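Here's the structure, in structure tokens; my notes come after.
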Amino acid sequence: MGTHPLNLILRFILELVALFAMGYWGWTQHQGFSRFLWTIGLPLLFAILWTTFAVPEDPSRSGKAPIPIPGWLRLLLELVVFAVGVWCFFAAGQPTWGWIFGISVLLHYVISYDRILWLLKQ
């Protein structure tokens with residue numbers, strides 16, 4: 001199921017929501033110029049990490065890896081991005097959205113068990 005088109009769409013939406021949560025946190029928790037730095041900078045940093053570090057030939061991605069990393073490290077990176085997104089919702093005073101997002105991520109990884117096993121073998 002890890003490469004099923006509907007699951008890939010779900011993962012893409014989860015990626016966008018994680019980045020949105022980071023930007024939302026930056027906007028609601030900071031003032032002045034730092035508000036713009038956090039709102040734009042934090043999601044941008046994580047987006048760069050997400051797209052740059054990949055496992056070569058990952059069937060759930062393009063297969064290209066600008067900077068190749070082992071599967072366990074990619075899985076850790078993904079979990080960090082999603083965990084930061086969950087934390088950002090909670091820290092911004094949106095616990096309901098944090099729970100919804102966290103449970104959605106968990107369900108995605110349950111559905112993607114085959115991809116997780118593949119990543120751990122790489």
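Screening P68 on (1) free of Cβ contacts under 8 Å to residues at least 60 places away in the same chain; (2) under 18 Å from I13 (Cα atoms); (3) not hydrophobic (A, V, I, L, M, F, W, C) shows it passes everything except condition (2). Any residue that is hydroxyl-bearing (S, T, Y), at pLDDT below 95 and surrounded by fewer than 17 Cβ atoms within 10 Å (Cβ to Cβ) - is there at least one of those in segment 94-110? Within segment 94-110 (the criterion being hydroxyl-bearing (S, T, Y), at pLDDT below 95 and surrounded by fewer than 17 Cβ atoms within 10 Å (Cβ to Cβ)), the answer is no, since none of the residues qualifies. Is it fair to say S34 is of a type in the set (G, A, S) and in a loop (DSSP other than H, G, I, E, B)? So S34 fails the test. Looking across segment 18-52, the residues that are crowded, with 16+ Cβ neighbours inside 10 Å and under 18 Å from L75 (Cα atoms) come down to A18, L19, F46, A47, W50. Looking at A91, is it of a type in the set (G, A, S), in contact with a helix residue (DSSP H, G or I) (Cβ under 9 Å, 6 or more places away or on another chain), closer than 17 Å to I13 by Cα and surrounded by fewer than 18 Cβ atoms within 10 Å (Cβ to Cβ)? Judged against the criteria, A91 is not a match.
Scanning segment 96-115 for any residue that is touching a residue at least 60 places away in the same chain (Cβ under 8 Å), in a helix (DSSP H, G or I) and of a type in the set (D, E) turns up at least one such residue. Being assigned to a loop (DSSP other than H, G, I, E, B) and either within 12 Å of the chain's Cα centre (by Cα) or farther than 30 Å from P59 by Cβ (or both) is the requirement here; does G85 meet it? No; evaluated as a whole, the condition is false for this residue.
Mind checking whether some residue in segment 8-15 is modelled with pLDDT of 95 or more, under 15 Å from V84 (Cα atoms) and within 16 Å of the chain's Cα centre (by Cα)? Quick ask: steps written out before the conclusion?
As a first pass, look at segment 8-15 and keep what is modelled with pLDDT of 95 or more: 13-15.
Filter once more, keeping what is under 15 Å from V84 (Cα atoms): 14-15.
Narrowing further to those that are within 16 Å of the chain's Cα centre (by Cα): 14-15.
Among the residues of segment 8-15, at least one is modelled with pLDDT of 95 or more, under 15 Å from V84 (Cα atoms) and within 16 Å of the chain's Cα centre (by Cα), which makes the answer yes.
When restricted to residues that are more than 21 Å from F20 (Cβ to Cβ) and not polar (S, T, N, Q), segment 62-98 contains 14. Hey, any hits in segment 47-57 for a residue that's small (G, A, S), in a helix (DSSP H, G or I) and closer than 25 Å to L119 by Cα? There is at least one residue in segment 47-57 that is small (G, A, S), in a helix (DSSP H, G or I) and closer than 25 Å to L119 by Cα. For the criterion of being hydroxyl-bearing (S, T, Y) and more than 17 Å from the chain's Cα centre (by Cα), T51 fails.
The values are calculated or read from the model by the stated rules, or taken from the named source; none is laboratory data. It should be emphasised that the depicted structure is a prediction, and the values quoted were computed from it without experimental measurement. FYI the Cβ positions are ideal-geometry reconstructions off the backbone, even for glycines, and counts take in every protein chain you see.
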